[in-house]
C-alpha cells in the first residue's frame, strides 16, 4: 500500500487546524471588545458630522473637537423635563471624571432655533457646566443635522403660539477622540455608567 508524501500529511494537519485557529481568534476578539453600558453603534452610516454655529457665531464641526470624547445632545431650552435632567446628568458625569473631564466636550444642539437665540443658549447651556457648548443654526441646518443623526422631533402646540413643546429623541451620541461615533446613551443612564463608558473611549 502506498502512502501520501509527508508534505501532504502536514498540509492536511494545517488545513484542519485553521478553522480551530479562526474560532480561537474570534473568541479572543469578542472577549477583548470593550463592554459599554450604552448602546454600541460603532460603524453606523449616520451621525457622521455636523456644521452649526456656537453662541458666538463661529462655525463648528466635529473636527474642532478632535482629540476629545464628544457628547452630543439634541434638545431645547423650554423643555420641561428630559433636557434639563439630561444636562444635569452630563454635568454630574463630568464631575465624576475628575482630571479626565477636560478630555470630554458636551455639545447641546437646539431643535428650537426660533426661541433658542444665541443669547439664550449662552446663558442656558453653561449654567449646567461652564465647559458645555450650545450650537444652533437655521431651521434648514437644524433639520439637516437632525436627519443626519436620525433624531426625531415634532412640534406640539400649546395654548399660545409661543408655548409649544417638542417631542424629540432624548438620548446622547458619543464620539471617540478620532471623531467616530461610538455610542448612543439613553436618557435614563446613570452618570457613573456614562463616566465609565467615556473613560473606556479615552483609552
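Brief remarks on what is shown
- Test for residue 122: is it free of Cβ contacts under 8 Å to residues at least 60 places away in the same chain, surrounded by fewer than 16 Cβ atoms within 10 Å (Cβ to Cβ), touching a strand residue (DSSP E or B) at 6+ places or on another chain (Cβ under 8 Å) and under 16 Å from residue 55 (Cα atoms): no
- Residues within region 175-203 that are within 19 Å of residue 75 (Cα to Cα) and either surrounded by fewer than 18 Cβ atoms within 10 Å (Cβ to Cβ) or in contact with a helix residue (DSSP H, G or I) (Cβ under 7 Å, 6 or more places away or on another chain) (or both), tallied: 9
A short reminder: the numbers here are calculations on the coordinates, not readings from a lab. It should be emphasised that the depicted structure is a prediction, and the values quoted were computed from it without experimental measurement. Note: ideal-geometry Cβ built from the backbone for every residue, glycine included; neighbour counts use all protein chains shown.
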